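A quick write-up on the structure given underneath.
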Amino acid sequence: MPGNKNPKGLQDPSGLLTQSSTAMSKPIPLQYGSYYHIFNRGNNRQNLFIEERNFSFFLDKYWQYIPPVADTYAYCLLWNHYHFLVRIKTEDEQRTWWAEHQHQSPETARLKTPSQQFSNLFNGYAKAINKVYQRTGCVFEHPFHRVEVTKDPYFTHLVLYIHQNPRRHGFVEDFRDWPYTSYHALVNRGDSPLQRDDVIDRFETEDRFKMAHRLADNAGF
């Protein structure tokens, strides 16, 4: 089993997980065509994932709910929190997705509200966890946090930040040993629902992508 379920204190060098609850109590709905860092942790800082099979279950639900409304560039799931880097599809892109994947006419496709679709994902996971483990109450902090990504340097910074999370929080010594991130899917050539080519292009080449991760790792990023 990778890592320790009770790691070092939840470190957050960017301050993204420690924004005041007041500031995040009424988040702005996700906007069409915008990029976001989406993240959250367990209610009362408890674990979101109780055993390893929960990680796969969550990702299966993620790929069920999110592709109609957003493209995914990077992610990391840890025992007590998660990170995603996404771009919300435009309304026209949603219509195209439904036409290509569900054979619906773009003119009649029923669009999903992005913020609600993410909420449905998290609520569905929470209900399943509570049922299986005979729990009650909230699993996640509410609402889920989101920070808009408006500049290319911030995008590449987030990719590195997200992939380095397992090492930073003391789950593994080498971030590449943690199986629940997008790093390996991005450097492998197999089929993936991730926006692999776009991510690699931001670093210019795959070799530069890997080098940036090595440098970030060596610097204790």
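The values are calculated or read from the model by the stated rules, or taken from the named source; none is laboratory data. If you're wondering where the values come from, they're calculated on a predicted model, not measured in any experiment. Backbone-built Cβ (ideal geometry, glycine too); neighbour counts: all protein chains shown.
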For region 178-194, pairs from a residue that is over 15 Å from residue 82 (Cβ atoms) to a residue that is among the small types (Gly, Ala, Ser) and at pLDDT below 95, with Cβ under 7 Å and 6 or more apart or across chains, are 185/192
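Within region 115-127, is there a residue that is assigned to a loop (DSSP other than H, G, I, E, B) and of a type outside the set (A, V, I, L, M)?
Within region 115-127, none of the residues are assigned to a loop (DSSP other than H, G, I, E, B) and of a type outside the set (A, V, I, L, M).
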Within region 33-76, residues being surrounded by fewer than 18 Cβ atoms within 10 Å (Cβ to Cβ) and among the aromatic types (Phe, Trp, Tyr) number 2
Would region 46-59 turn up any residue that is closer than 17 Å to residue 160 by Cβ and not hydrophobic (A, V, I, L, M, F, W, C)? no
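Test residue 89 against the stated conditions and say whether it is touching a Gly at 6+ places or on another chain (Cβ under 8 Å) and either within 20 Å of residue 146 (Cβ to Cβ) or of a type in the set (S, T, N, Q) (or both).
yes
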Residues being in a helix (DSSP H, G or I) and closer than 20 Å to residue 45 by Cβ: count how many of those fall in region 72-103. 0
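What do you reckon, is residue 155 aromatic (Phe, Trp, Tyr), assigned to a loop (DSSP other than H, G, I, E, B) and in contact (Cβ under 8 Å) with a residue 40 or more places away in the chain?
No: the conditions fail for residue 155.
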Complete set of residues in region 164-221 that are outside any helix (DSSP H, G or I) and of a type in the set (A, V, I, L, M): 172, 194, 219
Take the conditions surrounded by 14 or more Cβ atoms within 10 Å (Cβ to Cβ) and either modelled with pLDDT under 95 or among the β-branched types (Val, Ile, Thr) (or both) and apply them to residue 95. Does it pass? yes
Which count do you get for residues in region 156-193 that are farther than 17 Å from residue 55 by Cα and in contact with a Ser or Thr (Cβ under 6 Å, 6 or more places away or on another chain)? 0
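Out of curiosity, is residue 89 charged (D, E, K, R), surrounded by fewer than 17 Cβ atoms within 10 Å (Cβ to Cβ), modelled with pLDDT of 95 or more and within 28 Å of residue 162 (Cβ to Cβ)?
Answer is no for this residue.
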Residue pairs meeting the criteria (Cβ under 8 Å; at least 6 apart or on separate chains; first part of a helix (DSSP H, G or I), in region 38-56; second of a type in the set (Phe, Trp, Tyr)): 43/140; 55/49; 55/180
